[in-house]
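Here the structure comes first, spelled out in structure tokens, and everything after it is commentary.
The values are calculated or read from the model by the stated rules, or taken from the named source; none is laboratory data. All values reported here derive from a predicted model rather than from experimental measurement. Positions of Cβ are generated from backbone atoms using ideal geometry, with glycine treated the same way; all protein chains shown enter the neighbour counts.
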């Protein structure tokens with residue numbers, strides 16, 4: 001999507017596009033839930049395979065709209081429809097040489113850190129419940145997350161971007177999580193962690209993720225397809241692993257309790273918020289100061 005839409009269009013549309021993921025998250029599980037016995041496993045696998053093929057013609061259709069209706073065929077491209085070449089490691093070089101991309105990578109790294117802290121806190125608290133009770137809690141959380149994601153994406157995210165700008169939009173969820181972790185540090189109880197998990201996941205789907213994808217409308221096409229995978233895979237999964245080790249070290253190594261770990265998580269969320277504000281301000285610079293303006297010229 002960041003290859004199809006420009007900066008202004010992304011601010012209006014990305015939250016609506018993200019709603020599609022939440023709607024799919026609701027519809028997808030209902031098919032096996034209601035029809036698993038009548039259809040059988042083989043037919044369900046066939047349906048899933050067909051659903052994977054459906055986006056292919058949609059991709060070609062969207063590419064045609066890029067030049068016809070959207071008029072973005074020359075968006076950050078030296079030559080329209082130019083083939084992206086180069087060696088497979090150039091994405092790493094682009095990532096480490098560009099402070100804008102490094103900031104995006106740090107933003108995602110800190111996001112995974114906060115996510116790990118909230119998830120493991122919740123997991124530890126739920127361990128005291130029975131298996132049936134845990135299943136009920138997770139199911140209710142998933143339902144709340146999907147409903148909140150859809151309503152927020154449809155009615156709030158675009159308005160937040162338009163009224164308050166990208167710095168507020170991309171830092172909104174980190175600030176809420178920081179406040180929530182501080183509350184958890186003062187009064188650690190299950191309902192607080194459950195609420196925090198719902199806000200974190202729904203906020204990510206409806207606000208943070210669309211805003212994060214908007215950031216890539218400010219870079220050229222080669223960077224988008226080479227450096228973005230480095231960020232989405234290496235920074236994201238690497239951060240997930242490192243932060244899981246950090247949580248384990250704090251709890252099992254140092255023996256910190258829920259309140260102390262929540263304070264550490266709040267510090268990470270505060271840093272996450274500041275990086276978000278920095279990225280939002282950079283995003284809102286005029287085109288003459290785009291991260292790749294000189295390169296494009």
| note | For segment 249-290, the count of residues that are out of contact with any helix residue (DSSP H, G or I) (no Cβ under 8 Å at 6 or more places or on another chain), at pLDDT below 90 and assigned to a helix (DSSP H, G or I) equals 4
| query | Would it be correct to say that residue 129 is modelled with pLDDT under 90, assigned to a loop (DSSP other than H, G, I, E, B) and over 25 Å from residue 230 (Cβ atoms)? | reply | yes
| request: Working carefully through the options 185, 206, 244, 192, find the one that is more than 24 Å from residue 2 (Cα to Cα) and within 21 Å of the chain's Cα centre (by Cα). | output: 244
| task | Could you please find all residues in segment 173-200 being in contact (Cβ under 8 Å) with a residue 60 or more places away in the chain and under 14 Å from residue 148 (Cβ atoms)? | result | 194, 196, 197, 200
| Candidate set from segment 64-91 (those that are within 19 Å of residue 12 (Cβ to Cβ) and outside any loop (DSSP other than H, G, I, E, B)); member that is modelled with the highest pLDDT | 65
| note | Being closer than 26 Å to residue 146 by Cα, touching a residue at least 24 places away in the same chain (Cβ under 8 Å) and assigned to a loop (DSSP other than H, G, I, E, B) narrows 14, 5 down to just 5
| query | Within segment 152-167, how many residues are in contact (Cβ under 8 Å) with a residue 24 or more places away in the chain and part of a helix (DSSP H, G or I)? | reply | 11
| Looking only at segment 40-63, which residues are modelled with pLDDT under 85, farther than 21 Å from residue 5 by Cα and surrounded by 12 or more Cβ atoms within 10 Å (Cβ to Cβ)? | none
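Being in a helix (DSSP H, G or I), at pLDDT 85 or above and more than 20 Å from residue 239 (Cβ to Cβ) narrows it down to one residue among 123, 140; which is it?
After applying the criteria, what remains is 140.
Taking the criterion of being assigned to a helix (DSSP H, G or I), surrounded by fewer than 16 Cβ atoms within 10 Å (Cβ to Cβ) and either modelled with pLDDT of 90 or more or under 20 Å from the mean Cα position of the chain (by Cα) (or both), would at least one residue in segment 211-224 satisfy it?
For segment 211-224, residues assigned to a helix (DSSP H, G or I), surrounded by fewer than 16 Cβ atoms within 10 Å (Cβ to Cβ) and either modelled with pLDDT of 90 or more or under 20 Å from the mean Cα position of the chain (by Cα) (or both): absent.
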